[in-house]
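What follows is a set of notes on a single structure, which appears directly below.
The values are calculated or read from the model by the stated rules, or taken from the named source; none is laboratory data. As the structure is a computational prediction, the values presented were derived from the model and not from experiment. Every residue, glycine among them, receives a Cβ derived from its backbone with ideal geometry; neighbour counts consider all protein chains shown. All accessible areas refer to the heavy atoms of the entire protein, side chains included, with ligands and DNA or RNA removed. Shrake-Rupley method; radii C 1.70, N 1.55, O 1.52, S 1.80 Å.
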Amino acid sequence: MTYLLPGEKNKMRIHIIGRHAHRTPFAYEAYKPLFQTKFEYVDDAKNADVILFGYVLNIDENEEELAKLLEKKPNIRLVVASEEPLWDTTNSGDFRKRHNTRKTKSHSFSYSVINHHTSNAYEFIRFPYFLTTENEYFLRYAHEFSANVQKSAEEILRNWGSAKTKYTFFAENRDLVKKYSVSHPDIETYGLSVYRTDVAKAMPDNQSMRVGQGWGAKQTRQSLPDWHLDKIQHLQDRSYIISAIENTNQRNYISEKIFDAFACTGVPLYWCTASHRVHELVDGNSFINLYDLTPEKASQKVKLFKPNAAYLESYRQAQADLSALFRNYDEFVDERIQFFKRFSAELETIVKERSTEVV
């Protein structure tokens, strides 16, 4: 038991398990000091109140261990703390349920879910959740956007005209993984990783750069010492149009991709609905939106794109807006604190709720 100061309540004890353990809010070094004020991380699952997973498949992978544990301690709660809509919408059953049952090969487990659809945890204020997981995102973007905002329209046009690569796609090739092409129009949630691959393949080979697993690379991006810094260094002022298409369109889900495209002074490719919150960060006229276009029509739109004066004005305004966004580090830290409070409240609530929706 953790030593408690006078008046301090007992902390909920959590144990994180599974291949995706590093992809939960509790796992990031930037968030640990916050979560440790309310929760105790325990190494032994027998001492936990909650077993935490990043992906529902982690339950399947640990079914025998979990079955033995729950036989001895049936009050332990299983919670999937998911940060990735791609995982929620594939292999996860009804991802909109807060409480569900996972049927594995030999067992059946009751579990609860905190994700983009079952909670308000990811309803960000100024900075999308993903950026808050690492301090480096803020620091790099602050540096890049403060420099980009000084560039004239003529300088930007010269960079685009002399760019070594016309079309750049930094994303895994999902050509053979059609299960990711999910569509949930009622909640404007769409799987885009296969679509993104199809657009990349439709662009001219001699003018395109395609980087990532499945494109013939000998080393995965994730195995690099700093994949994000490597990407910024490779693309800064060297690419004309840069894909920022997400794995999934979900109104609150915004990764580093569109920020990278602007930071590297490329024209971002994006796919988003009108309600998507990226519109709160930059003007929709500052990027190429491929929404509702087939890959073939999307590739034609990209190839025919020509930046006119109106586009340049919107693009430079987006650079100015992003420079202002990444100016105050205290606001960035406060965003992290607010997420911690929302997520903590969700977890505390969800473990108390009765599983009324279990199938």
Where nothing but the Cβ of Lys and Arg (+1) and of Asp and Glu (-1) is charged, how large is the charge dipole of segment 39-79 around its Cα centre, in debye to the nearest 20? 220 debye
Count charges around H107 for me, please; just the other residues with Cβ under 9 Å from its Cβ, Lys/Arg as +1, Asp/Glu as -1. +1
Any idea how far apart K179 and D44 come out in nm if each label point goes 7 Å out from Cα toward Cβ? 3.7 nm
With all protein chains modelled, accessible area of L52 [1.4 Å, Å²]: 0 Å²
Under the Debye formula (equal points on every Cα, no solvent term), log10 I(q)/I(0) of segment 62-166 at q = 0.16 Å⁻¹: -0.87
Please state the Cα pair-distance histogram of segment 223-351 with 5 angstrom bins from zero: what percent is in each bin? 2, 9, 16, 19, 20, 15, 9, 6, 3, 1, 0
Where does segment 117-178 land on Rg(C-alpha)/(2.2 N^0.38 Å)? 1.65
Residues of segment 223-237 with amide nitrogen under 12 Å from the 7 Å Cα-to-Cβ point of E155? none
Compute for segment 148-257: radius of gyration divided by Kirkwood radius, i.e. Rg/Rh, restricted to C-alpha atoms, rounded to two decimals. 1.00
If each of T349 and D334 carries a label point 7 Å out from its Cα toward its Cβ, how far apart are those two points in nm? 2.3 nm
Charge dipole magnitude, Cβ of K and R +1, D and E -1 - segment 293-336, Cα centre, debye nearest 20: 480 debye
Enumerate the residues in segment 33-55 having an amide nitrogen under 17 Å from the point lying 7 Å beyond the Cα of H22 toward its Cβ. 53-55
Among all the aspartates and glutamates, which ones have a C-alpha under 15 Å from K297's C-alpha, if same-chain residues fewer than 8 places away are not counted? D198
For the chain, percent of DSSP beta bridges that are antiparallel (nearest 5) comes out at 25 percent
Where does the chain land at 222 nm, in deg cm²/dmol rounded to the nearest 500, when only DSSP H runs of n ≥ 4 count, each adding -39500 (n - 2.57), divided by all residues? -10000 deg cm²/dmol
Distance violations [Cα-Cα > 20 Å] among K231/K306; K178/K201; K178/K301; K11/K46; K97/K341; K179/K257: K231/K306; K178/K301; K97/K341; K179/K257
Calculated FRET efficiency for the pair S146/Q233, C-beta based, R₀ 22 Å, to 0.05: 0.80
Taking all protein chains in place and a 1.4 Å probe, what share, in percent, of the accessible surface of the chain do carbon and sulfur account for? 49 percent
Between K32 and K164, take the C-beta separation as r, use R0 = 41 Å, and let me know the FRET efficiency to the nearest 0.05. 0.55
Rounded to a whole number, the Stokes-Einstein D of segment 222-278 in µm²/s (Kirkwood radius over Cα pairs; 10 °C; 1.306 mPa s) is 132 µm²/s
Ignoring ligands and nucleic acids, what accessible area does W87 show with a 1.4 Å probe (Å², nearest 10)? 40 Å²
Give the calculated FRET efficiency between D283 and K105 to the nearest 0.05, with a Förster radius of 35 Å applied to their Cβ-Cβ distance. 0.10
15 Å Cα-Cα reach of K68 towards aspartates and glutamates, excluding residues that sit fewer than 8 places from it in its own chain: D44, D60
Compute the angle between helix 63-72 and the longest alpha-carbon principal axis of the chain, please, reported from 0 to 90 degrees and rounded to the nearest 10. 30 degrees
Total formal charge among the other residues, if their Cβ is under 14 angstrom from that of D205, Lys/Arg +1 and Asp/Glu -1: +4
Taking every eigenvalue of the Cα gyration tensor of the chain, multiplying by 5 and rooting it, what semi-axes result, largest first, whole Å? 39, 23, 17
